[in-house]
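Just below is one structure, and these are the notes that go with it.
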Amino acid sequence: VDWLVESGGGSVQSGGSLRLSCVASGNDYNRYSMSWFREVPEAEREGVATIETDGSTSYLDSVKGRFTVSRDNAKNTLYLQMENLRTEDTAMYYCAAARPRGGVAWWHGGNWRRPTNYNHWGQGTQVTVSS
């Protein structure tokens, strides 16, 4: 992976849906753990969802049951399907790629939430949810 480009952000009303996409360059995309983060002004970047190379996933508690992360390795693409959106989901959303040092358990044990574990970041796509 050399670069990542997100798309699919926009403005929706509370309860609405959006699907974010992130296209990656390179021939080794399937070797990367992929995640979605979000950030609002004056707050730390927050891990939203991750999908490992084996397809296993983890989520931020507040999005469980509403967001679904998936990947299509043939298309070098990461997705985030967001349902039942809330005003507190408003943020800039970033995709990120990592070649983790540990195994799957290490990754899902919380290390996927640490921005310093990632090698590549996209430029972000804005999601705005209004009441």
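The values are calculated or read from the model by the stated rules, or taken from the named source; none is laboratory data. Computed from a predicted model, the values in this text were never measured in an experiment. A quick note on method: Cβ atoms are made from the backbone with ideal geometry, for glycine too, and the neighbour counts reach across all protein chains shown. Ligands, DNA and RNA are excluded from the accessible area calculation, which covers all protein heavy atoms including side chains. Shrake-Rupley method; radii C 1.70, N 1.55, O 1.52, S 1.80 Å.
Worth a mention:
- 10 Å Cβ shell holding at most 13 others, DSSP loop, GluC sites (Glu not before Pro): longest site-free stretch of the chain: 45-131
- Mean separation of Cα pairs under 8 Å and 6 or more residues apart, divided by the residue count, gives region 12-131 a relative contact order of 34 percent.
- Charge sum, other residues only, whose C-beta stays under 11 Å from Q126's C-beta, Lys/Arg counted +1 and Asp/Glu -1: -1
- Expressed per residue, the C-alpha convex hull volume of region 48-127 stands at 104 Å³.
- Highest to lowest packing among 28-36, 62-70, scored as the average C-beta count within 10 Å: 28-36, 62-70
- Cα-based values for region 80-131, radius of gyration first and Dmax second, are 13.8, 42 Å.
- The stretch between N119 and R101, if pulled fully straight at 0.36 nm per residue, gains 5.3 nm over its current Cα-Cα span.
- Efficiency of FRET between Q126 and S25 - r from beta-carbon atoms, R0 25 angstrom, step 0.05: 0.65
- Per residue, in Å², the accessible surface of the chain once ligands and nucleic acids are set aside, probe 1.4 Å: 49
- Apolar share of the accessible surface for the chain: 44 percent from carbon plus sulfur atoms, 1.4 Å probe.
- Amide H within-cut-off set for F67, under 5 Å, with H built and near neighbours excluded: E83
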